[in-house]
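Written below as structure tokens is the structure these notes are about.
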């Protein structure tokens, strides 16, 4: 329960363990501390002396609930009213959980980096040395990824959708970092959910500049026409599913008469921001990106006819690789993911944005490292269709996050159409955004890696 953006909770009843009886408090007293005209602290205390026996489930009871409010003046200033919740987050038991999560993520990250350096980079160095030796023996031992140099920079099918995917992921990544900056400077408070939603809408609208510029500039490096379609897809790739989901959830909330439903005025304000701010910035930045685009010169020009991909084992296909690429990063941030879900849907409040930021950075690093290693393995078996594969592999941790939300929901006390639809609707939007972000991170890491290794090969 919240009052003036301050969380409050308390016991609603008591039990008698010896007699297996359950009692519900009928009276609640609210202790409110104020300074001037600002509420600083509020507590809810149930009266154990005024309770009703609810042990018998079959019996119908008419209960009259009452409450009282006690006001106390305090010298605590308004800016420090959340200090008590921050101190609660720094208790030893909470710090141990966060530290264990951090150590778990760091160990997995270090192991993957060590494996990448000790095995893949050493093997890659030998491949480059062998390929650039210039003798006949080196030509006979030409490595697998060198065979596909004429196909590796061939742009994939559905180029407009691919560029829109990358641009939307980059936009959401920029949005996430800006929200962290606002949290660090104290502008954005985790307990003020209204301000959080407002910040998300405004920051997303402003970061449309990033999405429009990247989509148009990257697309025009490979195709001279069609960049307008790419910019349009960038504008609806995330907002389209998001608005459809929100419309369904709002309809459900209104039908149940719940306060979670958005008022008509709020919906109109959001639509006006999208129409008169987000979309114009998207189009303008797309025009700028197309006009000032840079020319991409691949290390090796694509051949006219694509090379035939040899028959591969089942474990080298897309779905098995998505399973592996998604399992490791999601397991590294599982504890923080649980804390995030309890913040959204439970009683906890996250007042340590630094911990969440570190976990997010580690998640991105793990995704990038795995993407580089698995792209190298894919090219080594002469499979040159790596563009979409990196995106799907990179975004796969978000699928595991959504699966974890199913487990979290099954362990919670939430039930009914209203709670179920809101939980899975909002969680699906969150995981979809993470899928786009990690997919963009994965491709960028692999793209830089592929360009570096093929530029290092001597032209023959």
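Just so you know, all these numbers are worked out from the coordinates, no wet-lab data involved. The shown structure was predicted, so the numbers you read here are calculated from the model rather than taken from an experiment. Virtual Cβ from ideal backbone geometry, glycine too; neighbours counted across all protein chains shown.
Once both labels are modelled 7 Å past Cα along the beta-carbon direction, what's the residue 184-residue 50 spacing in nm? If labels sit at residue 184 and residue 50, their model points lie 4.9 nm apart. On full extension, the segment bounded by residue 63 and residue 344 gains 98.1 nm, given 0.36 nm per residue less the C-alpha separation.
Report the calculated FRET efficiency for residue 294 and residue 30 (r = Cβ-Cβ distance, R0 = 56 Å), to the nearest 0.05. Before the final figure, lay out each step's value.
On the way: r = 62 Å, r/R0 = 1.10.
According to the calculation, E is roughly 0.35.
Using Cα-Cα distances under 8 Å and only pairs 6 or more residues apart, what relative contact order does region 92-455 have, in percent? Averaging sequence separation for qualifying contacts and normalising by length gives 27 percent for region 92-455.
Say R0 is 60 Å: what FRET efficiency, to the nearest 0.05, do residue 76 and residue 271 get from their beta-carbon distance?
Values: r = 40 Å, r/R0 = 0.67.
E(calc), rounded to 0.05, equals 0.90.
For residue 121 and residue 1 in one chain, what is 0.36 nm times their gap in residues minus the Cα-Cα distance, to one decimal in nm? Please list the in-between numbers first.
Values: separation 120, 0.36 × 120 = 43.20 nm, distance 5.35 nm.
Between residue 121 and residue 1, full extension yields 37.9 nm more.
Between the C-alpha center of region 17-56 and that of region 381-422 there is a gap of 39 Å. Once the Cα atoms are used to define both axes, helix 159-184 deviates from the longest principal axis of the chain by about 40 degrees.
Spacing of the modelled spin labels on residue 224 and residue 236, each 7 Å from Cα toward Cβ, amounts to 2.8 nm.
Compute the angle between helix 334-345 and the longest alpha-carbon principal axis of the chain, please, reported from 0 to 90 degrees and rounded to the nearest 10. Tilt relative to the chain: about 50 degrees. Each residue, residue 385 and residue 161, gets one label point 7 Å from its Cα in the Cβ direction; the gap between the two is 1.3 nm. Seen against the Cα atoms of the chain and their longest principal axis, helix 208-220 is set at about 20 degrees. When the chain is fully extended, how far beyond the present Cα-Cα distance does residue 12 get from residue 361, taking 0.36 nm per residue of separation? Full-extension gain reported as 121.6 nm.
In what order do 268, 159, 202 fall by count of nearby beta-carbon atoms within 10 Å, going from fewest to most? Walk me through the numbers on the way to the answer.
Numbers: 268 11, 159 17, 202 14.
Neighbour counts put them in this order, fewest first: 268, 202, 159.
Taking all Cα pairs closer than 8 Å and separated by 6 or more residues, the relative contact order of region 1-77 comes to 34 percent.
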